[in-house]
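Beneath this line is the structure, given in C-alpha cells, with notes to follow.
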Amino acid sequence: MKPALMILVTLLLVGCGERSTPGDEERAPRVVKLVEVSGDTHLPSRRFVGRVEALRTVDLSFRVGGQLIELPATQGEVIPEGELIARLDPADYELAARRAESEYQLASREMERTRQLLENQSISQSAFDEIRTTYELAAVQRDSARQDLSYTTINAPFDALVTRRLIENHSNVQPNTAILRVQDVTELRVRFNVPESLMHYVVDPERFEVEGELLSRPDERFRLAYREHVTEPDEVAQTYEVDFAIVDHDAVPAFPGMTVAVTVALTDAVEHGALMVPLAALDKDSEGNFRVWIYRDDDRRVEPRSVLVGEVHGETVPVVAGLQPGERIVAAGAHLLQEGERVRPMEESL
C-alpha cells in the first residue's frame, strides 16, 4: 500500500504544478543602453555662402522704335520713381497722332450728319451702320496713335539704381530692345542655397537666427530676415534657394553682387542652449511627434517625454526643449519600450 500511496501523492503534486501560469511572475527587465545628457554640448551653427541681390532687376526698353535723343541716366545714379529715364525722337509719332486726330474729327462730323439723315429717314440703316463703323475705326486709330506717342518716353517704375547702360544715346533702337538695366534697391536681399534637411524649418522663420558678414568686412555682422524661398530644388545639388533681407541695409555698405558669409542657428539654441543626443535615442509617438525615453533611478523604469529637436548632425541631433542636463535616456531601441517598463542598464549586465 505504501508504494501506491506515494505514487498517488506524486501525481497530485504534478497536477498542481501544471495549473501555475507564466503570467504569475513579472517579466525580466529589458537590458538597455543609457546615455547621460550633458550640459556642455551645443548646437553648431551652419554657414553658407550667399550673394547680395536687389529686390528687383529690370531691363528697360521702348515699345516702339526710333532714334534715341535723350538718355540722362548715369550708371550708379538713383532715379526717383516717375522721373524721365530716356526719350525717343517723337516727331514721326506726333505727326501720326495729329493725322489720326484729324481723321477722327472728320469721321465724328460725318457721323452726326448721317444720324440726322437717319432720323429723317433720308438714308437706310445699312448706310448709317457703315458710317458708324468708319467713325469707330477712326477712334481706335486715334487712341493707338496717342499710345504710340506715349511710348516714346520711359519713366522710372520705382526708385531705380542705374546699373548698366546697354545702348548709347542717338542710336536707332528697335522695339523691345533693352537700353538700360535698373535695380530696385529699396531692400537688399541675400540669396543662398540650403540643403533639403534644413528646408522644413524655413516655413517657421521665427526659429532661426540668421546673420551675414561681407567678405570685405569679416568682423562686421548684420541681421537677416526671411522673405521667401523657391520650392523646386536644384536638380544636381538637391538644395533650395532662399532669400533673406538685410534688416538695416542703410547701415551696411553692401551692393548687389557682393559675396556674403551667412551663419544660421536655431533661435532656441542661441537663447536657451541645445543638448546633443544620439539619433537612435529618438522615438515617435502616435501623432508623429518626437520623444525620448527617460530612465527613472528610483524605480528603475522608463517613461516617454516629448522633445523639440533641431537639424540632424551625423549620428546626433540637438534637443532644444524637453530635456535637462544630467538626465539619463535610453540611447537605442527606444521603439521597443513601453511606458513604465522595468529596465536594467547595460553596464550592470556586464
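Read the figures in this text as sums done on the coordinates, not as results from a lab. It should be emphasised that the depicted structure is a prediction, and the values quoted were computed from it without experimental measurement. Note that each Cβ is placed from the backbone with ideal geometry, even for glycine, and that neighbours are counted across all protein chains shown.
The H on the amide N of residue 160, modeled in the peptide plane, is under 5 Å from the matching H of 79, 81, each at least 5 residues off or on a different chain.
Backbone phi angles across the range 146-163, fed through the Karplus curve with coefficients 6.51, -1.76 and 1.60 (θ = phi - 60°), yield HN-Hα couplings of 4, 5, 4, 5, 5, 6, 7, 10, 10, 10, 5, x, 7, 5, 9, 8, 7, 8 Hz in residue order; Gly and Pro are listed as x. Remark on residue 258: its backbone amide H falls under 5 Å from those of 52, a criterion applied only to residues 5 or more positions apart or on other chains, H modelled at 1.01 Å from N.
The phi-based Karplus calculation (6.51 cos²θ - 1.76 cosθ + 1.60; θ = phi - 60°) puts the 3J(HN,Hα) values of the range 77-83 at 8, 9, 9, x, 4, x, 7 Hz, whole numbers, x for Gly and Pro.
Label-to-label distance for residue 101 and residue 78 is 3.9 nm, based on points extended 7 Å past Cα in the beta-carbon direction. Based on Cα contacts under 8 Å between residues 6+ apart, the range 90-151 shows a relative contact order of 53 percent.
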